[in-house]
1. Collect the residues in segment 78-113 that are on the phi > 0 side of the Ramachandran plot and modelled with pLDDT of 95 or more, keeping them in residue-number order.
2. Could you please give the count of residues in segment 49-61 that are over 20 Å from Leu120 (Cβ atoms) and either in contact with a Leu (Cβ under 7 Å, 6 or more places away or on another chain) or crowded, with 17+ Cβ neighbours inside 10 Å (or both)?
3. Pairs needed: first member in segment 167-181, touching a residue at least 60 places away in the same chain (Cβ under 8 Å) and under 17 Å from Ser80 (Cβ atoms); second member anywhere, part of a loop (DSSP other than H, G, I, E, B) and of a type in the set (A, V, I, L, M, F, W, C); C-beta distance under 6 Å; at least 6 residues apart or different chains.
4. Take the conditions farther than 16 Å from Leu83 by Cα, in contact (Cβ under 8 Å) with a residue 40 or more places away in the chain and away from ligand 2 (no atom under 16 Å from the Cβ) and apply them to Ser212. Does it pass?
5. Limited to segment 64-94, what total is found for residues that are farther than 16 Å from Met110 by Cα, surrounded by 17 or more Cβ atoms within 10 Å (Cβ to Cβ) and among the hydrophobic types (A, V, I, L, M, F, W, C)?
6. Of all residues in segment 49-96, count the ones that are part of a helix (DSSP H, G or I) and either of a type in the set (Ser, Thr, Tyr) or away from ligand 2 (no atom under 16 Å from the Cβ) (or both).
7. Given the residues Gly45, Gly39, Gly7, which is the only one that is within 16 Å of ligand 2 (Cβ to nearest atom), over 21 Å from Gly116 (Cα atoms) and of a type outside the set (Val, Ile, Thr)?
Amino acid sequence: MNLDVQGMLKVFDAIGETMAAHKEYLTELDSAIGDADHGINMNRGFHKVHDKLSAGSYTDLGALFKDVGMTLMGNVGGASGPLYGTFFMRMSTKLAGRQDVDTVSLADAMEEGLKGIVALGKAQLQDKTMVDALTPAVEALKKASDNGVDLCGALEAGVAAAQSGMESTIPLVARKGRASYLGERSAGHQDPGATSIYLILSTILRSVKESS
Ligand SMILES: Nc1ncnc2c1ncn2[C@@H]1O[C@H](COP(=O)(O)OP(=O)(O)O)[C@@H](O)[C@H]1O
Ligand SMILES: [Mg+2]
């Protein structure tokens, strides 16, 4: 099944609930290698996204994703606000005029979003950032897209890839963001941003399963 505008609004509501439920967890991860605000940032951002989306009326996914990106950009400080803001804004350029997404269009839009994150943050794989979870997830989605896998199957593969990407950040020494100030001492901790990527993708999967 495809995700339409109504389905996507439910996805963002669900992401808001996930961020509220994991606020302490993400903040705890960020307290080990950052400044203990990632959960607060993500929760605030997606709370504002919820307010913005419930006040709007959307006929296409481009406009919806643009509002998500702009809201995160405008309301979330730190590194993650501009990075997540850019991610959804860049996705919106691929979703303009679309009433729904299938595996092909979602994979394509997420690939574009990832390019935006990399262009802005300049992180490479194994720098211990959100890129370490998002890159394998996008690769899995692209592969599923090439193989004609449905949205649910594609997201299952994407979530599994994001999970191992997230876990792969544990032994890494951070080379980008605040955690890089710690040098070797950043090793042994899971990256908060890689974790929020995993949480977002698994929430999208759960929403798609619930509505199919
Ligand atoms: N240059 C970067 N590229 C990609 N992701 C980054 C970069 N810098 C930081 N991050 C991500 O942002 C997360 C931290 O987000 P957050 O705590 O909300 O912002 P801040 O680090 O400004 O306090 C990190 O765990 C990492 O995944
Ligand atoms: Mg922080």
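1. Keep residues of segment 78-113 that are on the phi > 0 side of the Ramachandran plot, which gives 78, 97.
Within segment 78-113, just Gly97 meets the criteria.
2. Quick first cut of segment 49-61, residues over 20 Å from Leu120 (Cβ atoms) only: 50-61.
From what's left, either in contact with a Leu (Cβ under 7 Å, 6 or more places away or on another chain) or crowded, with 17+ Cβ neighbours inside 10 Å (or both): 50, 52-53, 58, 61.
Selection size over segment 49-61: 5.
3. Every condition considered, the pairs that remain are Gly177/Ala79.
4. Numbers: farther than 16 Å from Leu83 by Cα: yes; in contact (Cβ under 8 Å) with a residue 40 or more places away in the chain: yes; away from ligand 2 (no atom under 16 Å from the Cβ): yes.
When the stated conditions are applied, Ser212 passes them.
5. 4
6. Taking segment 49-96 as the starting set, the residues that turn out to be part of a helix (DSSP H, G or I) are 49-55, 61-75, 80-95.
Then drop every residue that is not either of a type in the set (Ser, Thr, Tyr) or away from ligand 2 (no atom under 16 Å from the Cβ) (or both), which leaves 49-55, 61-71, 73-74, 80, 84, 86-95.
The qualifying residues number 32.
7. Values: Gly45 fails: over 21 Å from Gly116 (Cα atoms); Gly7 fails: within 16 Å of ligand 2 (Cβ to nearest atom).
Only one candidate passes the filter, namely Gly39.
Conditions (1) farther than 21 Å from Glu156 by Cα; (2) more than 9 Å from ligand 1 (Cβ to nearest atom); (3) part of a helix (DSSP H, G or I), marked per residue:
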site	(1), (2), (3)
Lys10	no, yes, yes
Ala20	yes, yes, yes
Ile40	yes, no, yes
Phe46	yes, yes, yes
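The values are calculated or read from the model by the stated rules, or taken from the named source; none is laboratory data. Worth saying up front: this structure is predicted, and the values here are computed from it rather than measured. As a convention, Cβ positions derive from the backbone with ideal geometry for all residues, glycine included, and neighbour counts pool all protein chains shown.
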